[in-house]
Amino acid sequence: MSIEELYRHLRWRMQPEDERARRRFERIRAFFESLNLPRNPRVLDLCAGTGIAGAAASKATHARLLTVLDAREEDLEKAREWLKIADINPGLQTIVGDVREVHRLVKEHDLAILWGLTMPHFDPFDAIKIFAGVSTVLSEDGVFMVEETDRLYMISRSRYKDLLVETRGEDYTIISIHEGYDMRRGLFKRGCYKLPGFERIGEMETRLWDLASQLAIGRIFFEEARLITTAEHGITGVSDVLYFRKPSKKVAEEVLMSQMK
């Protein structure tokens, strides 16, 4: 199952017409406003979906450019609606592409974000490509932020379940069932089913990331790496955030070159 198919079934709060998504937008904006971020930046929203987080970051920083990158073209088309809701008018660039190829797809930006707990889609080898790629496209004092949560910690505090409810709505529920583990890539394989009816809609691969691993990878490609916990920022609806600044471009370029061999 492709990511596009999966996201047609999963209900994420990112649609401009959804009042809950609009409340989420305001919370994301408040988080970005609480930080000392580059002013009038060129903002890069990775795995952007509809661009909800990119628009919030642009509002908070008075961005002059917003670039939204995602594999799903149908979602990217809604980025302009979020800019209207935010009542801002930066330049807007939409790119349909793979975030693992970000270094090939975009030019220099000042602030990059990867929002919405997206990292489970990527294995450790993917993560290295993403972090290195972002490092190469950021300006000298550029900032990269990843909204994430520590899934290993969450599992250690609760009984692991083979069957998980992924999303629940008024007319159907999506569940996932454990179907295997790829030891070489560190990914769990889960079958996805739609209820009622137990209709199989496909499968997905998931990496149960911990925060320390991502901090360690990010520290290779950035001079500064730190964690902003939910307790520290105190904004409901925003998870823990990994904060990276000052890209180590030479290191990143060497790593990307070695990946091509």
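One table, with the values for the structure above:
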read-out: Debye log10 I(q)/I(0) at q = 0.09 Å⁻¹ for region 59-194, Cα point scatterers; value: -0.38
read-out: Coordinate range along principal axes, alpha carbons of the chain, Å, largest first; value: 51, 44, 35
read-out: For region 1-144, accessible area per residue (1.4 Å probe, heavy atoms of protein chains only), Å²; value: 43
read-out: Carbon and sulfur %, accessible surface of the chain computed with the full protein complex present, 1.4 Å; value: 48
read-out: Principal axis dimensions, region 186-238 - Cα atoms, whole angstrom, descending; value: 49, 29, 12
read-out: Value of relative contact order over the chain, rounded to a whole percent, pairs C-alpha under 8 Å and six or more apart; value: 17
read-out: Most to least packed among 245-255, 124-134, 191-201 [average Cβ atoms within 10 Å]; value: 124-134, 245-255, 191-201
read-out: GNM top mover of 215, 164, 92 - the chain, alpha-carbon springs below 10 Å; value: 164
read-out: Loop sites in region 10-71: trypsin sites (Lys or Arg not before Pro), DSSP, at most 13 other Cβ within 10 Å; value: 39
read-out: Using alpha carbons only: equivalent-ellipsoid semi-axes of region 6-87, gyration tensor based, whole Å; value: 21, 14, 10
read-out: Rg over Rh [alpha-carbon atoms, Kirkwood Rh] for region 116-200; value: 1.07
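The values are calculated or read from the model by the stated rules, or taken from the named source; none is laboratory data. The model shown is predicted, which means the values in this text are computed figures rather than measured ones. In this analysis, Cβ positions are derived from the backbone assuming ideal geometry, glycine residues included, and neighbour counts consider all displayed protein chains. Quick note on the areas: whole protein, heavy atoms, side chains included, nothing else; ligands and nucleic acids left out. Shrake-Rupley method; radii C 1.70, N 1.55, O 1.52, S 1.80 Å.
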